[in-house]
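> First, the structure itself, so that you have it in front of you.
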Amino acid sequence: MHSPEHEARAESPGLARAGIAALLILLLQIALGGWTSANYAALACPDFPTCQTRWWPPVTDFREGFVLWRELGVDYEGGVLDNPARVAIHFSHRLGAIAAPAILGLLGWIMLRRPRLRPDGIAVLGALGVQLILGASIIIYGVPLAVAVAHNGVAALLLLAVLNANQRIGHYR
């Protein structure tokens, strides 16, 4: 007969992979959020849950929206992108807001099922829930500064929760 710890160790490679996947997708989503902010794209999709009144916006320019380096001497005050590029950026962040919670939610749910990891699962799921509410509120209420700052702060807390979860998973093995 196997002990509960032996069974937990046998399952931990999958849990470790879920932890790494959650961390990677969260880092990508945070980068997309930063790109959205840096390119003044927060207002490019002013409606929620749709974007430009459609589930898939009619005019986007992903190529121009994701140019990482521009020529020297460009004045970035107010941004340099046209609206289709900004819509592509904002919409990408919204797509990430579907994918990231799915992976993070799975990690949190798996951790909830393990008594020793339950507090970490609660931390991940709690921060994720607050982050989703703040993200929707930014759009619904027209990008209020306090909500946008809170969204950034909770992203940092969520990152800490996922990093802590990965650390605990490593010790759990």
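The values are calculated or read from the model by the stated rules, or taken from the named source; none is laboratory data. For clarity, every value in this text was computed on a predicted model and none was experimentally measured. Note that each Cβ is placed from the backbone with ideal geometry, even for glycine, and that neighbours are counted across all protein chains shown. Accessible surface is based on the protein model in full, side chains and every heavy atom, while ligands, DNA and RNA are left aside. Shrake-Rupley method; radii C 1.70, N 1.55, O 1.52, S 1.80 Å.
> Which number in (1) at pLDDT 90 or above; (2) open to solvent by less than 90 Å² (accessible area, probe 1.4 Å) marks the one condition that Trp55 misses?
(2)
> Could you give me the residue pairs with C-beta distances under 6 Å whose first residue belongs to segment 27-50 and is open to solvent by less than 20 Å² (accessible area, probe 1.4 Å), whose second residue is charged (D, E, K, R) wherever it lies, and which are 6+ apart or on separate chains?
If the second residue must be charged (D, E, K, R), the pairs left are Ala41/Arg86; Ala44/Arg86.
> If you go through segment 138-159 one residue at a time, do you hit one that is within 18 Å of the chain's Cα centre (by Cα) and farther than 29 Å from Pro46 by Cβ?
Scanning segment 138-159, I find no residue that is within 18 Å of the chain's Cα centre (by Cα) and farther than 29 Å from Pro46 by Cβ, so the answer is no.
> Which one of these does Gly73 not meet: (1) within 25 Å of Leu43 (Cβ to Cβ); (2) at pLDDT below 95?
Result: Gly73 passes all but (1).
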